[in-house]
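Notes for the one structure printed next.
The values are calculated or read from the model by the stated rules, or taken from the named source; none is laboratory data. What you see is a predicted model, and the numbers here were worked out from it, not measured in a lab. When we count neighbours, we look across all protein chains shown, and the Cβ atoms used for this are built from the backbone with ideal geometry, even at glycine.
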Amino acid sequence: MYKTKIAGVGKFIPEKVVTNKDLEQYMETSDQWIRERTGIEERHWLKRGEDTSSTMAAKAAKDAIKMAGIEPEDVDFIIFATLSPDYFFPGNGVMLQRHLGITKTEIPALDIRNQCSGFVYGLEVADQFIKTGKYKNILLVGAEYHSGGMDISTRGRGISVLFGDGAGAVILQATEEEGKGILVTHIHSDGSQAEILSAKNPGMHGGYYDEEASEGGYDTNSDHPFVLVTEKMLNESLIYPFMEGQAVFKTAVKKFPEVIRKALATSGYDTKDVNLVIPHQANLRISQFVQKILRLRDDQMFNNIQKYGNTTAASIPIALTEAIEQGKVKDGDLLVIAAFGSGFTWGSAVIRW
Ligand code: UT7
């Protein structure tokens, strides 16, 4: 069996910078609140009509393809992780295929809906196909257009100050180099609290999960079949993401260290062997907490949430690309990536570079 290596990386960040101060014109918030609770200083948001999550992904993918020394036609499988796709359906995988101009090859395109863990989920899936030799050049991307779907007002401030737009991509290939490549991956989920971080609408639940019929924006006494978006949802802003921040925080600081420890234990390493941990950029305070629990030095932890906010499925490939650009990933280094998010879903991987 082969091992899987990351042969190319790329990222795309929209040009428009939105500082914490800029957000004060839309909502009651402050630079101090955002910095103290999240570490975020600024994020990038798309201008409307400029790009989408699939077009940003194509830009990141082109760089990853170039770095891997292949052509777009050589990609034989696309895996796309996002929670902010262009359409309800079809998924972003086929959109990306079209943007890259590789529809004639008729390769498969798979869409992953695991939010902040989407990239790690995609990595585990891709790893299985590379190891068995089924595919040779898998393009895995994470991309998000969050700013197009958040409540940018005081009502939505608990969420909208956190998230940014962007895309990251990798090309995965087989390697026969001794000891190198993806050593282990672990992915997990627990749906018992699925709604704790969610965007239920638009959706086809039709009020099924709501204790009170009206809560989700439906009138369940009506036999009208249409449930996707109702007037009530629009009028009462029920179409935006929802998060119980503190509960998510508490679970995140438990699951991140747990899944990193598991990754190291199964690959036979210790935290002191790790050159760089690249966590999903959820909140700088979460990463600092994880660093403390695992007793990692500052130089073993990569953070860039200060500049980009939380870019969900895009955050790890963006961070990996930036770490490489900054010379922080060297040949032979031991990397750990880890993610946690909505679902809950979480996961990790150990990679010998
Ligand atoms: O990536 C996926 C996983 N997501 C996460 O891991 C996020 C985890 N959660 C968090 O990072 C934190 O819970 C937040 C940063 C989202 C919130 O921080 P917090 O310390 O848990 O604040 P809180 O939600 O308990 O809110 C404290 C106060 C509230 O006001 P009152 O009720 O005490 O008067 C909020 O209304 O802060 C208020 N608040 C804000 N104030 C200014 C909430 N958002 C803002 C804001 N600006 N943007």
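Restricted to segment 248-284, and to residues that are free of Cβ contacts under 8 Å to residues at least 24 places away in the same chain and not hydrophobic (A, V, I, L, M, F, W, C), which residue is nearest to the ligand (Cβ to nearest atom)? Break it down stepwise before answering.
Within segment 248-284, the subset free of Cβ contacts under 8 Å to residues at least 24 places away in the same chain is 250, 254, 258, 265, 268, 270, 272.
Filter once more, keeping what is not hydrophobic (A, V, I, L, M, F, W, C): 250, 254, 258, 268, 270, 272.
Details: Lys250: 9, Lys254: 12, Glu258: 15, Gly268: 29, Asp270: 26, Lys272: 27 Å.
By that ranking, first place goes to Lys250.
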| When only residues in segment 40-77 that are surrounded by fewer than 24 Cβ atoms within 10 Å (Cβ to Cβ) and polar (S, T, N, Q) count, which is nearest to the ligand (Cβ to nearest atom)? | Thr52
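Kindly evaluate Asn235 against the criterion of being polar (S, T, N, Q), exposed (fewer than 11 other Cβ atoms within 10 Å of the Cβ) and either more than 16 Å from the ligand (Cβ to nearest atom) or at pLDDT 85 or above (or both). Break it down into steps so the answer makes sense when it comes.
Numbers: polar (S, T, N, Q): yes; exposed (fewer than 11 other Cβ atoms within 10 Å of the Cβ): yes; either more than 16 Å from the ligand (Cβ to nearest atom) or at pLDDT 85 or above (or both): yes.
Yes: the conditions hold for Asn235.
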| said: If Phe80 meets every condition in (1) within 16 Å of the ligand (Cβ to nearest atom); (2) in contact (Cβ under 8 Å) with a residue 60 or more places away in the chain; (3) in contact with a Ser or Thr (Cβ under 8 Å, 6 or more places away or on another chain); (4) of a type outside the set (Val, Ile, Thr) apart from one, which number is that one? | reply: (1)
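If I go through segment 268-323 residue by residue, how many of them are of a type in the set (Lys, Arg) and either closer than 21 Å to Val18 by Cα or in contact with an Asp or Glu (Cβ under 6 Å, 6 or more places away or on another chain) (or both)? Even if it seems obvious, please write down each step before you answer.
Quick first cut of segment 268-323, residues of a type in the set (Lys, Arg) only: 272, 285, 292, 295, 297, 307.
Still in the running and either closer than 21 Å to Val18 by Cα or in contact with an Asp or Glu (Cβ under 6 Å, 6 or more places away or on another chain) (or both): 285, 307.
Total meeting the criteria: 2.
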| Given the residues Ala319, Ala314, Ala338, which is the only one that is within 15 Å of the chain's Cα centre (by Cα) and closer than 20 Å to Lys254 by Cα? | Ala338
| field | Scan of segment 333-353 for residues that are over 19 Å from Ala143 (Cβ atoms), in a loop (DSSP other than H, G, I, E, B) and within 16 Å of the ligand (Cβ to nearest atom), ordered by number | value | Phe344
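Does any residue of segment 138-148 turn out to be within 17 Å of the chain's Cα centre (by Cα) and polar (S, T, N, Q)? Can you show your working first?
First pass over segment 138-148, keeping only residues within 17 Å of the chain's Cα centre (by Cα): 139-148.
Restricting the remaining residues to those that are polar (S, T, N, Q) gives 147.
Yes: one or more hits.
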| note | Counted residues in segment 318-353 being among the charged types (D, E, K, R) and in contact (Cβ under 8 Å) with a residue 60 or more places away in the chain come to 2
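For residues that are of a type in the set (Lys, Arg) and surrounded by 14 or more Cβ atoms within 10 Å (Cβ to Cβ), scanning just segment 15-39, find the one that is farthest from the ligand (Cβ to nearest atom). Let's see the steps before the verdict.
Initially, segment 15-39 is screened for residues of a type in the set (Lys, Arg), giving 16, 21, 35, 37.
Filter once more, so that each one left must be surrounded by 14 or more Cβ atoms within 10 Å (Cβ to Cβ): 16, 35, 37.
Values: Lys16: 19, Arg35: 11, Arg37: 4 Å.
The residue in question is Lys16.
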| task | May I ask you to list pairs of residues, at least six apart or on different chains, whose Cβ atoms are under 8 Å apart, with the first in segment 151-166 being surrounded by fewer than 18 Cβ atoms within 10 Å (Cβ to Cβ) and the second being among the acidic types (Asp, Glu)? | result | Thr154/Glu28
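Can you give me the ranges of the helices (runs of 4 or more DSSP H) entirely in segment 92-184 with at least 2 residues that are touching an Asp or Glu at 6+ places or on another chain (Cβ under 9 Å)? Steps first, please.
On the way: elements: 92-99, 118-131, 157-160.
The helices (runs of 4 or more DSSP H) meeting that bar are 92-99, 157-160.
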| strands (runs of 3 or more DSSP E) wholly in segment 1-64 with at least 3 residues that are modelled with pLDDT under 95 and of a type in the set (Lys, Arg) - which ones? | none
| message | Looking at Lys330 and the list (1) within 21 Å of Lys5 (Cβ to Cβ); (2) part of a helix (DSSP H, G or I), which single condition is not satisfied? | response | (2)
